[in-house]
Amino acid sequence: MSVIKIELAGVKKAFGQNQVLNGVNLKVPAGKSLVVIGASGTGKSVMIKCILGLIGIDGGSILLDGEDICHRSRRERDMLMSKFGMLFQGGALFDSLRIWENVAFGLIYGRGMDRVKARQIAEEKIAAVGLKPEVANLLPAELSGGMQKRAALARAIAGQPEVIFFDEPTTGLDPIMADVINELIISSVKNLGATALSITHDMGSVRKIADEVAMIHHGQIVWHGSVKDLDSSGNEYVEQFIHGRSEGPITLGARG
Amino acid sequence: MHTPQTTPKPFSLMLDFLHNTGATTLDVFAKAGEITLFILRALWHCITPPFFLTQLRRQLIDIGYYSLPVVGLTTLFTGMVLALQSYTGFTRFNAESAIAGVVVLSVTRELAPVLAGLMVAGRVGAAIAAEIGTMRVTEQIDAMTTLSVNPFKYLIAPRVLAGTLMLPLLVLIGDIIGVFGGYLVGVYRLEFSPANYLTQTWDILESMDIISGLVKAAAFGFIVSIFGCYHGFNSPRGAQGVGAATTNAVVSASIMILIFNYILTQVFFS
């Protein structure tokens, strides 16, 4: 039986009257890549932000290595963050800092590492995601969307995280660049031996990077299984989603 | 036949009025509490390590050095106008000799700190709110948190410290430039004797006049930076959200400056 790295048990979150997460139960095995799929507005991003502690939960619990991480002090949460890496949908690079400073940001300001050593690590990571060395001195605005995603990936893996989160990693990229990012995600996760939790709409990406897939609908996990079983899941929500049909149990109204 | 019971119209209107008044009052208190907690949190991070000195130095330059032209021009022309206006009024009472005193007291006690505060609110408060608001909506603040860096330490504390430290310095320079503006008009336009003008200025000026202005400036610098940070940090999504945050930062800081100017004047001079 595989060891569970992250476990969500009955996680609930509402914004006013809008119940976004309605008792999410999910287990992410250590060293595996789990992808959560679901229509827009079903709570995928909120779920990741709850795990990261960026959004507080209303009920349930989130466990990392079997320990509750929801009721920690601010300082403990900051310490905990060193175990996490996150690739944001838009990259979220700091636009006033050069690329190497972005990649080294957590090392310098979060861990107090010497700037020279942090720069050296940043340059290694920039090379690891296939960017040229001269990119290190550019500002994010001087990079294309695909290059920004790569730089953001370099930043996410710079701190050698145990868990990496990917929020729509291929959104807005052309198919070739999307495949490059998928390959980088696979190699980065494999090289680090990390656990990966991704959310995406892109089925090509799902089939490429996932070991396991979970489907979220109405703030609940409605299916969870191996990526090999995705096409024969027998779940009407999964069937509709993976084939992109407008007819089915997922309606526009239900997507919020 | 059964007729449905309805609430009489005047009673219903009164209920609506009470409901709206109650909801608004609760909103105001909730917002006041939220701002107070934000201020306390910001203050805590200003006085506890780690300190990001590179950020502080950058903000000292951004907020202080780059605001100097705006504050200098504002106080220069204010001093000049004050001398001119005082002259047209005081000649009616043969009290021209009081012009130098009026200029120096008005500039040091009131006009330099208040006008510098308002100008910096427009320049710096808006910039802080827009920058932090954009970082909020593009998830840069979330990214910072995931990199184990507290945004209050890296973004808020340096700006609040820089605002509080630099505005008194700007006002001190503004005091000198404002008095110099009055001197220029007094000597070259109204043909006062330079020596007399300076003597009258020096004789009437007391250390408390300058100190009170500098204390006000520190308070206004804190207000401008904290409101810029607060509105930026809590910016709603989208370009419209950042625009609204910027407007709210400038408007709320300007109003608070005027309110605190009265309170501090009362404390110092009543």
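The values are calculated or read from the model by the stated rules, or taken from the named source; none is laboratory data. Please read all numbers here as calculations on a predicted model, not as lab measurements. Neighbour counts run over all protein chains shown; Cβ positions are idealised from the backbone, glycine included.
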*Of (1) more than 10 Å from chain B (Cβ to nearest Cβ); (2) free of Cβ contacts under 8 Å to residues at least 40 places away in the same chain, A:Gly66 satisfies all except one. Which?*
(2)
*Sole exception among (1) surrounded by fewer than 21 Cβ atoms within 10 Å (Cβ to Cβ); (2) touching a Pro at 6+ places or on another chain (Cβ under 6 Å) for A:His71, by number*: (2)
*Scan the stretch A:128-160 for residues that are within 14 Å of chain B (Cβ to nearest Cβ), crowded, with 21+ Cβ neighbours inside 10 Å and not in a helix (DSSP H, G or I) and jot them down.*
A:Gly159
*If you check B:Gly228 against the conditions, is it part of a helix (DSSP H, G or I), buried (at least 16 other Cβ atoms within 10 Å of the Cβ) and not polar (S, T, N, Q)?*
yes
*Take the residues in the stretch A:69-78 that are outside any loop (DSSP other than H, G, I, E, B) and more than 7 Å from every other protein chain (Cβ to nearest Cβ), then tell me which one is nearest to A:Arg155 (Cα to Cα).*
A:Arg77
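Rundown of residues vs (1) among the basic types (Lys, Arg); (2) surrounded by fewer than 24 Cβ atoms within 10 Å (Cβ to Cβ); (3) within 12 Å of chain A (Cβ to nearest Cβ); (4) in contact (Cβ under 8 Å) with a residue 24 or more places away in the chain, yes/no style:
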| position | (1), (2), (3), (4) |
| --- | --- |
| B:Val107 | no, no, no, yes |
| B:Glu110 | no, yes, no, yes |
| B:Val114 | no, yes, no, yes |
| B:Gly117 | no, no, no, yes |
| B:Ala121 | no, no, no, yes |
| B:Ile132 | no, no, yes, yes |
| B:Met135 | no, no, yes, yes |
| B:Thr138 | no, yes, yes, no |
| B:Ser148 | no, yes, yes, no |
*Restricting the stretch B:182-226 to residues that are among the small types (Gly, Ala, Ser) and under 20 Å from B:Val120 (Cα atoms), which is farthest from the chain's Cα centre (by Cα)?*
B:Ser212
_Can you report the number of residues in the stretch A:79-111 which are in a helix (DSSP H, G or I) and over 22 Å from A:Lys13 (Cβ atoms)?_
13
_From the options A:Val28, A:Val46, residue that is within 16 Å of the chain's Cα centre (by Cα), within 14 Å of chain B (Cβ to nearest Cβ) and under 20 Å from A:Ile221 (Cβ atoms)_ = A:Val46
*asked:* List the residue pairs whose Cβ atoms are under 7 Å apart, where the first residue sits in the stretch B:89-104 and is part of a helix (DSSP H, G or I), the second is of a type outside the set (S, T, N, Q) and at pLDDT below 85, and the two are 6 or more positions apart or on different chains.
replied: B:Phe90/B:Glu96
*Does A:Lys125 count as farther than 23 Å from B:Pro151 by Cα, out of contact with any strand residue (DSSP E or B) (no Cβ under 7 Å at 6 or more places or on another chain) and part of a helix (DSSP H, G or I)?*
yes
*Answer with yes or no whether A:Ala39 is crowded, with 16+ Cβ neighbours inside 10 Å, small (Gly, Ala, Ser) and either at pLDDT below 95 or over 23 Å from B:Asn150 (Cβ atoms) (or both).*
yes
_So, restricting to strands (runs of 3 or more DSSP E) that lie completely within the stretch A:165-256, which ones have at least 2 residues that are over 18 Å from A:Ser40 (Cα atoms) and not β-branched (Val, Ile, Thr)?_
A:220-226
